[in-house]
Each structure stands twice: as structure tokens, then as C-alpha cells.
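Read the structure below first, then the notes.
Where a number appears in this text, it was derived from the coordinates with a stated rule and is not lab data. Keep in mind that what you see is a predicted model, and the values were worked out from it rather than measured. Quick reminder, even Gly has a Cβ in these numbers, built from the backbone with ideal geometry, and neighbours come from all protein chains shown.
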Amino acid sequence: MSQIKSVNRLFLAVIVIYIGVSLGFGVLTSLIPALANLPIYVSLLLSQALIFTPCIVYCKWKKIKIREFIPYRKINISTIVLVIICTYLMYPLIVVLNAISMLFSTSGTANVMQLMQGQNVILSTLFMAVMPACVEEFMFRGVLFQTYRKSKMLAAILLSAFLFGCMHMNLNQFIYAFALGVYLSFLVEATGSIFSSMLAHFTLNFTSVVISFLMPYLYEMMGMSQTQMNQQVELGGLASNMGGNELVMFLMGILVWAMVAVGTTCAAFGIFMAISKINGRWAYVKGMFRTGTRERLLTLPLILGIVIAFVFMGFTVYLEHL
């Protein structure tokens, strides 16, 4: 069995395990109400363990050294600073994609941020920023992307990013996670190091942690109570809940952010070029799509995993609209 077929089976296994355990935990919570009072960090740790554990088992089973999936090159301070700047320049695009998806699905990001309000900042940083940056990058820019790129580079970037979006199990997060996944794969190629994508991933998640921490204070300055805050998140989570005027303002907001995103994304590309040149990889990046093999990336287990993920996301959207 080829390595591509093997990692595709791995993705299917992760999807099945993730959904199965999530549904099982939901059933247990209904039977044992005390489980609902567990700290949010337990859920965050469990979700990352359900991704990390199968990957480690896969490496052990296939007798593959983990190092093979972690491209390592020392990145200098200049690269670190530019990666952070580039990531923030990509932020408006993520905001636009998040807002567009809210026309059809609730904002998974807003719901998570609401849950994180009032939590310990250090623990939130560890479980929401550090851990996902390491675990998710290991699987998607590591195990999957490093395997696919041996065949076709462009297909590897798009497919690994698509699967990264699927793994979020939420239509809202799927859309911007796909775009983010493409960006993170390009960062890995521009630096030759997965640490650059981990840094970018951490930067975005840590920003969400900071916003979650500051949000109650911002609402307090605006004279809003906790109940009003929760209502604001719920209404902002699904555009179809908005009135006519609110929806028009929402769409105008998307348009304004889209214009900003065009400029910042172009600036991000300029920074990306600088990152590639600083790391001596610009010539490589320009020619990285010219080589490849004809090995197929899509196999039946992978297609099945994608279908299961989308059925789950579709069912979630259906429940939201009930």
C-alpha cells in the first residue's frame, strides 16, 4: 500500500473517531449531568488528543520516524517577525470569509470565544493557541501535506487545506480554515520549516484568546450586561436572524472588509516574497509546481472521510435552522 493511501485511511480514521467520541461524550453528558460542568479545557484537550493520538499510532504502525513529517530549518528573528506581520495581513481575508459563511451557518468562532470568556488567560493560551498550533500543524502540514507533496505540490496544498477545513466539523470554520490551510502550506515551503506555520497558527489563535479576554471589558465600557453580550453573540452568529436593516449593514460591512482584505492580502504576498528570499527559497517557490508524479491523491477512504465530515456539518446546519 502506498503512503498516500495510508494517510488517506488515517484521515478517515481520525474523522470517524472524532465524530464517534464527540457524539459518545454528548450522550454521556445527557446521562451524567456532572460531565457538563467539566472545565472547557477538558474538551479542548480531548479534541486535540483525538487528532494527535491516531497520528502517533500511524507513525509507529508504519515504522515512520516522526521527524520525516516535521520539516525543520532554523528560522531567524527576521523571519519570525515577518511571519507574524504576514499573518495579521491575512486576518481581514479570514474575517471576510468568516462573515460570508455566517449567511448560512452560525459562527463557530464566536461561540468558542464566548465559552472562553472569563477563563484563565495562561491556560487558554496553552489549550487554545499552543496545543492546536502544534497538534494540527503536525497532522495537516506534517503527516498529510508532507506525504501529498511528493506527488503534486499544488494538489497537495489544496487537498491538505481542504481536509484541514473538514476537520473543524463546522461550515463556518471550514471556509476560512481552508484558506488558512493554503496560506500555512505556502509558509512551510517558503521557509522549509513547519515551525513557521506553527507560529502563524499560534498567532491567530492567541489573538482570539486575547479578544475573548478583553471582550467583557469592552462590552462593560459600552454599558452591556452579560445577558446582552450573550444575545449579541447569538444574533451575530447567524445572519438569517438579523432584521432587514441589520442584514443590509452586515452585507455592507462584508463589502468594506473585502476591500480592505484585497489590499492587505496583496501586502501579505509581498511579505511572503520577502520571507522566501530571506530564507533563500524564492527561486524554489517559483518553480515548486513544475515537478510531480501522476499518483492519485484521492482514494475511496479519503472520499468517504470527506463525505462523513460534510454530512456531519450539514446535519449541524440543519439543527441550527430548526
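A few comments on the model shown:
- Calculated FRET efficiency for the pair I308/K60, C-beta based, R₀ 35 Å, to 0.05: 0.90
- This model, with +1 at the C-beta of Lys and Arg and -1 at the C-beta of Asp and Glu, gives the range 1-142 a dipole about its Cα centre of some 720 debye.
- About its Cα centre, the range 66-207 has a charge dipole of approximately 340 debye under the convention of +1 per Lys or Arg Cβ and -1 per Asp or Glu Cβ, with nothing else charged.
- Between the range 247-322 and the range 30-81, the alpha-carbon center distance in angstrom: 22 Å
- Here is the tail figure for the chain: Cα pairs spaced more than 24 Å apart come to 57 percent of all pairs.
- Cα-based helix-to-principal-axis angle, 171-191 vs the chain, degrees rounded to 10: 40 degrees
- Options F206, A13, A177, ranked by Cα towards positive dipole end of the chain, top entry (Cβ charges): A13
- Lysine pairs within the chain, Cα separation less than 28 Å, 8 or more sequence positions apart or different chains: 27
- Whole-number percent relative contact order across the range 93-212, with pairs defined as alpha carbons under 8 Å at least 6 apart: 37 percent
- Total charge dipole magnitude, the chain, about the Cα centre, Cβ charges on Lys, Arg, Asp, Glu only, Debye to nearest 20: 1880 debye
- Relative contact order, percent, the chain [alpha-carbon distance under 8 Å, six or more residues apart]: 32 percent
- Remark: spin-label model distance L319-F289 equals 3.9 nm, labels positioned 7 Å along the Cα→Cβ axis.
- Cα→Cβ-extended label distance, 7 Å offset, between V248 and I40, nm: 3.5 nm
- Qualifying chymotrypsin sites (Phe, Trp or Tyr not before Pro) in the range 241-322, where qualification requires a DSSP coil assignment and no more than 14 other C-beta atoms within 10 Å, comprise F289.
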